[in-house]
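S.K.: I am attaching a structure below and will ask some questions about it afterwards.
Bear in mind that the values in this text are calculations on the coordinates, not laboratory data. Treat the numbers as computed from the prediction; the structure is a model and nothing was measured. With ideal geometry, Cβ positions are generated from the backbone for all residues, glycine too; neighbour counts draw on all protein chains shown.
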Amino acid sequence: MRDRDSNEDAEALALRALVWTLIEPDRAMRLLSVTGLDPHDLRARASDPTVLSAALGFLENYEPDLIACAESLGVKPESLVRARAKLDNGEFEA
């Protein structure tokens, strides 16, 4: 499993995690409830680093989902956590 180092990689990983989250309807509804986003806003802002960070934070706050998502995506859970930190801190590398 390769670590994600650039902003493109952090954003791509976060977007993959967001898609994973939205596949299961109950989990998707919890995400919307916790983040305060509505479906239209989520669609319009799906590539926004703030939204992607919120999606990763949502997974971090429920470890079983974080682990299941990481396994599904073929990455370590720590990679998802690091991606959120990069998105939060704007630590983007070219």
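S.K.: Does ASP88 count as out of contact with any His (no Cβ under 7 Å at 6 or more places or on another chain), among the acidic types (Asp, Glu), in contact (Cβ under 8 Å) with a residue 40 or more places away in the chain and farther than 14 Å from ALA12 by Cα? Walk me through how you get there before you give the answer.
M.R.: Values: out of contact with any His (no Cβ under 7 Å at 6 or more places or on another chain): yes; among the acidic types (Asp, Glu): yes; in contact (Cβ under 8 Å) with a residue 40 or more places away in the chain: no; farther than 14 Å from ALA12 by Cα: yes.
Against the criterion (out of contact with any His (no Cβ under 7 Å at 6 or more places or on another chain), among the acidic types (Asp, Glu), in contact (Cβ under 8 Å) with a residue 40 or more places away in the chain and farther than 14 Å from ALA12 by Cα), ASP88 does not qualify.
S.K.: (1) in contact with a Phe, Trp or Tyr (Cβ under 7 Å, 6 or more places away or on another chain); (2) surrounded by 18 or more Cβ atoms within 10 Å (Cβ to Cβ): which one isn't true of PHE58, the others all being true?
M.R.: (1)
S.K.: Mind checking whether some residue in the range 21-35 is in a loop (DSSP other than H, G, I, E, B) and either within 19 Å of GLU71 (Cα to Cα) or under 12 Å from the mean Cα position of the chain (by Cα) (or both)? Before you say what the answer is, go through the steps one by one.
M.R.: From the range 21-35, those in a loop (DSSP other than H, G, I, E, B) are 24; that's our starting set.
From what's left, either within 19 Å of GLU71 (Cα to Cα) or under 12 Å from the mean Cα position of the chain (by Cα) (or both): 24.
Scanning the range 21-35, I find at least one residue that is in a loop (DSSP other than H, G, I, E, B) and either within 19 Å of GLU71 (Cα to Cα) or under 12 Å from the mean Cα position of the chain (by Cα) (or both), so the answer is yes.
S.K.: Give all pairs with beta carbons closer than 9 Å in which a residue from the range 12-40 that is more than 14 Å from ALA83 (Cβ to Cβ) meets a residue that is of a type in the set (S, T, N, Q); count only pairs at least 6 apart in sequence or on separate chains.
M.R.: ARG27/THR21; ALA28/THR21; ARG30/THR21; LEU31/THR21; VAL34/ASN61
S.K.: Another question about this same structure. Which residues, counting only those in the range 71-86, are surrounded by 15 or more Cβ atoms within 10 Å (Cβ to Cβ) and hydroxyl-bearing (Ser, Thr, Tyr)?
M.R.: SER79
S.K.: Looking at LEU80, LEU73, LEU59, LEU87 in this structure, which one is aliphatic (A, V, I, L, M), touching a Cys at 6+ places or on another chain (Cβ under 8 Å) and over 16 Å from ALA28 (Cα atoms)?
M.R.: Details: LEU73 fails: touching a Cys at 6+ places or on another chain (Cβ under 8 Å); LEU59 fails: over 16 Å from ALA28 (Cα atoms); LEU87 fails: touching a Cys at 6+ places or on another chain (Cβ under 8 Å).
Matching residue, one of LEU80, LEU73, LEU59, LEU87: LEU80.
S.K.: Considering SER72, SER53, SER47, SER79, which residue is under 16 Å from ARG16 (Cβ atoms), in a loop (DSSP other than H, G, I, E, B), among the polar types (S, T, N, Q) and out of contact with any strand residue (DSSP E or B) (no Cβ under 6 Å at 6 or more places or on another chain)?
M.R.: Details: SER72 fails: in a loop (DSSP other than H, G, I, E, B); SER53 fails: in a loop (DSSP other than H, G, I, E, B); SER79 fails: in a loop (DSSP other than H, G, I, E, B).
Result: SER47 is the single residue among SER72, SER53, SER47, SER79 that is under 16 Å from ARG16 (Cβ atoms), in a loop (DSSP other than H, G, I, E, B), among the polar types (S, T, N, Q) and out of contact with any strand residue (DSSP E or B) (no Cβ under 6 Å at 6 or more places or on another chain).
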